[in-house]
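The values are calculated or read from the model by the stated rules, or taken from the named source; none is laboratory data. Predicted model, so just to flag it, every value in this text is computed and none were measured. So basically every Cβ, Gly included, is an ideal-geometry build from the backbone, and we count neighbours across all protein chains shown.
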Amino acid sequence: MRFTYSEIYLGRFIVKDPEICHGEPTFRGTRILVADVLEQVANGMDWEAIVNEWRGSLSKEAIAEAIRLARELFISYNPKLAPESSEI
């Protein structure tokens, strides 16, 4: 596992590092994008299958943290930033 001084911890398992994956949130110690795993969850993929697909590089606890963080972002979302319904 590689640690750098530029890592920003978003949680226990999730970090942002401008030197890794263009600064997109990844799971600590990997190049697995959080967005990719959230997409797998959204598509109904079983968590155990997700862990297996990434060859055990992340855990169910890491997936749960990603979902909790996504929930927090959703709750704090400012609807004033959303496009008007006619623009969609």
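Please specify each residue of region 34-62 satisfying the condition of being out of contact with any strand residue (DSSP E or B) (no Cβ under 6 Å at 6 or more places or on another chain) and not in a helix (DSSP H, G or I).
Asn43, Gly44, Met45, Asp46, Trp54, Arg55, Gly56, Ser57, Ser59
Report yes if some residue within region 8-26 is in contact (Cβ under 8 Å) with a residue 12 or more places away in the chain, among the basic types (Lys, Arg) and surrounded by 12 or more Cβ atoms within 10 Å (Cβ to Cβ); otherwise report no.
no
So, of the residues in region 63-83 that are modelled with pLDDT of 65 or more and assigned to a loop (DSSP other than H, G, I, E, B), which turns out to be nearest to Lys16 (Cα to Cα)? Quick ask: steps written out before the conclusion?
Just the residues of region 63-83 that are modelled with pLDDT of 65 or more, to begin with: 63-80.
Those still in the list that are assigned to a loop (DSSP other than H, G, I, E, B) too: 77-78.
Values: Tyr77: 20, Asn78: 23 Å.
Selected residue: Tyr77.
Do you know which residues across region 42-70 are under 11 Å from the mean Cα position of the chain (by Cα) and either among the hydroxyl-bearing types (Ser, Thr, Tyr) or buried (at least 17 other Cβ atoms within 10 Å of the Cβ) (or both)?
Taking region 42-70 first, the residues under 11 Å from the mean Cα position of the chain (by Cα) are 62-70.
Within region 42-70, Ala62, Ile63, Glu65, Ala66, Leu69 qualify.
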